[in-house]
Amino acid sequence: MSLAEAASPRRAAADAPAASLKLRTIVKAFGAKKVLRGLDLDILAGQFVAVIGRSGCGKSTLLRLIAGLDAPDAGAIHFDGGDDLVPRVMFQEPRLLPWANVIANVEIGLGARRREAGARRRALDALAAVGLADRAADWPGTLSGGQKQRVALARALVSRPCVLALDEPLGALDALTRIEMQSLLETAWRREGFTALLVTHDVAEAATLADRIVLLEDGAVALDLEVALPRPRLRGSPEFGRLEETILGRLHSPSRGA
Amino acid sequence: MADTATSLQRPLRTPRLALRFDLRRLLAPAIGWIAPALLVVVWQGSASLGWLPDSLLPSPLAVLAAGWRLTLSGELPRNVEVSFLRAFAGLVVGGAIGFGFGLANGLSRASDRLTDTTLQMARNIPHLALIPLVIVWFGIDEAAKLFLVALGVFFPIYANTLHGVRAVDLQLVEMAKSYGMRRLELFSRVILPGALPSIFVGLRYALGVMWLTLIVAETIAAQSGVGYMAMQAREFLQLDVVVLAIVIYALLGKLADVVVRALERACLAWRPLHGD
């Protein structure tokens, strides 16, 4: 199955904005340490790309550059195809305001449109989409870790992003909650049609969600793999296992040109 | 057999537990008052038995009587009002300046470089050491008391506001910025609420300093107020009034604490600590 076919059910419904990204010779250094050295990457509109690599390979730095949280030392990042070109970020931590209740936290995602009529309705819908409509009035402190990340997801989705950057948002969750969140994320992505960029160290997670897996090594792309498995993907299937093995094999033997 | 035993026990056990629980809830706030009440009883007892001469320490009843007498004459309410207004005015002026500098230095590097060293140096001077100078400057006017109280409450509010603003979670700030929050909104929705717990710590500390400063200032240089009333009474050997003044200060201090606690409960309701 080709990439186009695999992505087709979502593409067909994609009247929602999505942006394509072009990254050209991106360089980023922290002090003497060059984290990204001339990285090139093209991401199609609406594509779900997973970026994996060992810790310190520069994957989180790359995400922060794309999200506009940091600026590259050299090179350029271009977005095309959407009106509101502010990428949304889902961080490793939920980063909810503890002094604002759940619904107010979701409304932050609306930005300046928070004061428009119908804003509360949209926030409630987003909260319902992650299954937390009944917790709207609660303090974030009363939620579990998984529920907090679901609120963070609702906050990111309520703004209808054209690009959603995810910085290992499921890393701190237990295995079961993590799988639930993955399917929630996949559903949201298929419904909304945004371009997704997921940084993770979990190969199975990348293989479950991504159209394309990019492996970073020493600040550059070491492996660029299209994933053509049909969705929703079955973790037990032989194709899934072969894909995981390919990536893990590449991660374990970091010799060049493998 | 075992079944009947448990089914018999169950309805018995529930009301007993409920009763004990209710009693505890009723008694819990009263527990803190046991020791003070006991002290008053022992105090009154030893005075009534003649162990405690009036010339050393008048009995609680005598103090109450003095309180009633001075209330009727209008002297007590007037002096309490004067003291309260001084304390409050000093807190508002000193607190506002401290809060302002704390915010400015927490938010702006330039402001911090410009003023923090000066403020930290001034902090090491005990403000009560300025009393002789303050009397020369302001006489024993209201301005003297206002100045001293304001100076006293300034530092705790300044230091804790500054600390609170600096300790705000930068991850939350980054999140808010990534969702397009700018200056004013970022301040009112993220920085100020984040700094608030620390500001309250400063406020509580400032209240202690406020009463202390006022007592000292009123006993040394004043023509009205609770402290002045106590000093006048000492001249005429009215120990009951002296003790009354001390009790009034204690009550005013407690009242201020209760108000701040209520404010904290209202403003920091999101903290699990303030759940009950």
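The values are calculated or read from the model by the stated rules, or taken from the named source; none is laboratory data. These numbers were taken from a predicted model, which means no experiment stands behind them. Heads up, the Cβs are rebuilt from the backbone with ideal geometry, glycines too, and the neighbour counts pull from every protein chain shown.
Brief remarks on what is shown
- Checking A:Gly141 against (1) crowded, with 21+ Cβ neighbours inside 10 Å; (2) within 14 Å of another protein chain (Cβ to nearest Cβ), the condition it does not meet: (1)
- Hits in region B:165-189 (condition: among the β-branched types (Val, Ile, Thr) and under 18 Å from A:Leu96 (Cβ atoms)): B:Val168, B:Val173
- Assessment of region A:73-86 against the conditions (surrounded by fewer than 22 Cβ atoms within 10 Å (Cβ to Cβ), in contact with a helix residue (DSSP H, G or I) (Cβ under 7 Å, 6 or more places away or on another chain) and assigned by TED's automatic domain parsing to the domain that holds A:Ala19) yields at least one matching residue.
- Residues satisfying the stated conditions in region A:145-171, i.e. of a type in the set (Ser, Thr, Tyr) and either away from chain B (no Cβ under 14 Å) or crowded, with 24+ Cβ neighbours inside 10 Å (or both): none
- Checked against the criterion of being under 18 Å from the mean Cα position of the chain (by Cα), modelled with pLDDT under 90 and within 14 Å of chain B (Cβ to nearest Cβ), the candidates A:Leu85, A:Leu21 yield just one match: A:Leu85.
- Within the set B:Leu146, B:Leu214, B:Leu239, the sole residue that is over 27 Å from B:Leu103 (Cα atoms), modelled with pLDDT under 95 and either surrounded by 16 or more Cβ atoms within 10 Å (Cβ to Cβ) or more than 13 Å from chain A (Cβ to nearest Cβ) (or both) turns out to be B:Leu239.
- Qualifying position, being assigned to a helix (DSSP H, G or I), aliphatic (A, V, I, L, M) and surrounded by fewer than 17 Cβ atoms within 10 Å (Cβ to Cβ), among B:Leu128, B:Leu76: B:Leu128
- Test: residue in region B:160-180 that is within 14 Å of chain A (Cβ to nearest Cβ), out of contact with any helix residue (DSSP H, G or I) (no Cβ under 8 Å at 6 or more places or on another chain) and part of a loop (DSSP other than H, G, I, E, B): no
- Out of A:Leu170, A:Leu229, A:Leu164, sole residue that is at pLDDT below 95 and not in a loop (DSSP other than H, G, I, E, B): A:Leu164
- Qualifying residue in region B:196-217 (condition: over 17 Å from the mean Cα position of the chain (by Cα), in a helix (DSSP H, G or I), hydrophobic (A, V, I, L, M, F, W, C) and under 18 Å from B:Arg86 (Cβ atoms)): yes
- Yes/no for A:Ala104 being surrounded by fewer than 21 Cβ atoms within 10 Å (Cβ to Cβ), hydrophobic (A, V, I, L, M, F, W, C) and not in a helix (DSSP H, G or I): no
- Scanning region B:252-268 for any residue that is more than 14 Å from chain A (Cβ to nearest Cβ), closer than 30 Å to A:Leu97 by Cβ and among the charged types (D, E, K, R) turns up at least one such residue.
- Where A:Glu239 falls short, out of the listed (1) in a helix (DSSP H, G or I); (2) modelled with pLDDT under 90; (3) surrounded by 16 or more Cβ atoms within 10 Å (Cβ to Cβ): (3)
- Breaking point among (1) touching a helix residue (DSSP H, G or I) at 6+ places or on another chain (Cβ under 9 Å); (2) more than 9 Å from chain B (Cβ to nearest Cβ); (3) among the small types (Gly, Ala, Ser), for A:Ala117: (1)
- Cβ-Cβ under 9 Å pairs, at least 6 apart or on other chains, region B:36-63 side of a type in the set (Asp, Glu), far side in a helix (DSSP H, G or I): B:Asp54/B:Ala47; B:Asp54/B:Ala62; B:Asp54/B:Leu239; B:Asp54/B:Asp240
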